[in-house]
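**Student:** This structure is in structure tokens; I'll ask about it shortly.
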Amino acid sequence: MIFAKIDFINLLPFHVYIKRNIKSNQIKSIIQYKKSYPADINKKFKKRKVDSAFISSIASRHEKKLNLGIIAKKDVQSVILIPGEDESDFQSETSNALAKVLNLKGKVLIGDKALKYFHDNPNTHFIDLAKAWNDKYNLPFVFATLCYSKNGKMLNKIIKGFNKKHIKIPQYILNYYSKRSGISNKHIIQYLKKIDYEINIQEKRALKKFLQLTKNKGL
């Protein structure tokens with residue numbers, strides 16, 4: 001099973017869980033990881049170069065998916081828009097589309113670089129796109145869903161026990177991501193409290209609404 005890994009801070013709890021809980025050497029030998037950013041992973045998944053991945057919501061239409069994703073209940077800090085001239089972020093199709101369905105113009109920033117910008121520029125005006133969505137529709141926002149083209153039963157078994165509340169990020173991993181991103185350990189921990197992963201009724205409603213709005217926009 002080839003699993004594409006979004007190597008952003010927002011999936012740290014999931015990757016720590018996988019590392020700790022896959023005990024079977026057979027499963028370990030089956031799973032191969034490919035690291036990249038969301039938009040590139042979407043392309044690899046669509047071409048079936050990978051079997052499963054967290055796929056951007058806008059690209060998940062008609063794909064087989066499990067009830068796991070990358071979700072913000074309100075604000076998220078790592079998907080922002082700096083008002084001004086339109087400029088998409090090449091790493092994310094969903095965040096670019098979110099700005100369009102919200103009729104917001106400006107530069108889209110996502111991921112760790114957006115989170116760093118958030119903390120480095122506290123006095124600069126920018127819009128948290130997840131919060132803007134929540135303010136308008138009173139729904140969480142689903143940025144990605146865990147999709148698969150095969151080995152669905154195995155994948156479901158692997159993720160069955162995942163609960164972010166039970167995951168503590170080891171200090172050495174926090175240190176690594178802090179050094180790489182320029183974001184303090186404290187801010188990483190605070191940020192992860194804003195991220196949820198379980199897709200329930202509200203999240204399904206939010207995803208359905210977003211996909212309908214993007215369809216209406218021709219995205």
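**Student:** Specify whether the C-alpha gyration tensor of the range 166-219 places it in the rounded, prolate or oblate class, a ≥ b ≥ c being the square roots of the eigenvalues: rounded for a/c under 1.5, otherwise prolate if a/b is larger than b/c and oblate if not.
**Tutor:** In terms of gyration-tensor shape, prolate.
**Student:** Explain nothing, just compute: Karplus ³J(HN,Hα) = 6.51 cos²θ - 1.76 cosθ + 1.60, θ = phi - 60°, for every residue of the range 35-49 in order, whole Hz, x for Gly and Pro.
**Tutor:** Along the range 35-49, the couplings run 8, 5, 9, x, 4, 5, 5, 3, 5, 4, 5, 4, 8, 6, 7 Hz.
**Student:** Would you please give the residues with an amide H less than 5 Å from that of Glu87, counting only those at least 5 places away or on a separate chain, with H modeled from the backbone geometry?
**Tutor:** When sequence neighbours closer than 5 places are left aside, the close amide H contacts are Gly106, Lys107, Val108.
**Student:** For the range 144-155, take each phi angle, set θ = phi - 60°, evaluate the Karplus expression 6.51 cos²θ - 1.76 cosθ + 1.60, and give the result in whole Hz per residue in order, putting x for glycine and proline.
**Tutor:** 7, 10, 7, 10, 8, 10, 7, 6, x, 5, 5, 5
**Student:** If you don't mind, another one. Can you give me the convex hull volume of the Cα atoms of the range 128-202, divided per residue and expressed in Å³?
**Tutor:** Taking only Cα atoms, the range 128-202 has a hull volume of 152 Å³ per residue.
**Student:** Placing +1 on the Cβ of each Lys and Arg and -1 on the Cβ of each Asp and Glu in the chain, which of His15, Leu207, Tyr117 has its Cα farthest towards the positive end of the resulting dipole?
**Tutor:** The residue sitting most towards the positive pole is His15.
**Student:** Under 16 Å between alpha carbons, and skipping anything fewer than 8 positions from Lys73 in its own chain: which aspartates and glutamates qualify?
**Tutor:** Those aspartates and glutamates meeting the cut-off are Asp128, Asp135, Asp196, Glu198, Glu203.
**Student:** Now a separate question. If you take the square roots of the eigenvalues of the alpha-carbon gyration tensor of the range 2-216 and sort them as a ≥ b ≥ c, do you get rounded (a/c under 1.5), prolate (a/b over b/c) or oblate?
**Tutor:** It is oblate, given that a/c is not under 1.5 and a/b is not larger than b/c.
**Student:** Taking the Cα centre of the chain as the origin, how large is its charge dipole in debye, to the nearest 20, when only Lys and Arg (+1) and Asp and Glu (-1) carry charge on their Cβ atoms?
**Tutor:** 1060
**Student:** Any aspartates and glutamates with Cα under 13 Å of the Lys131 Cα? List them, leaving off those in the same chain fewer than 8 positions away.
**Tutor:** Once the sequence-local aspartates and glutamates are set aside, what remains near Lys131 is Asp75.
**Student:** Also, I was wondering about something else. Suppose we keep just the DSSP beta bridges with both residues in the range 2-216; what percent of those would be antiparallel, to 5?
**Tutor:** Working: 21 of 29 bridges.
Antiparallel: roughly 70 percent of the beta bridges in the range 2-216.
**Student:** Would you mind pulling out the separation of the Cα centroids of the range 148-165 and the range 71-121, in Å?
**Tutor:** Cα centroid to Cα centroid, the span is 29 Å.
None of the figures in this text is laboratory data; all of them are computed from the coordinates on show. Predicted, not measured: the structure shown is a model, and the values here were computed from it. Reconstructed Cβ throughout: ideal geometry from the backbone, glycine too, with neighbour counts over all protein chains shown.
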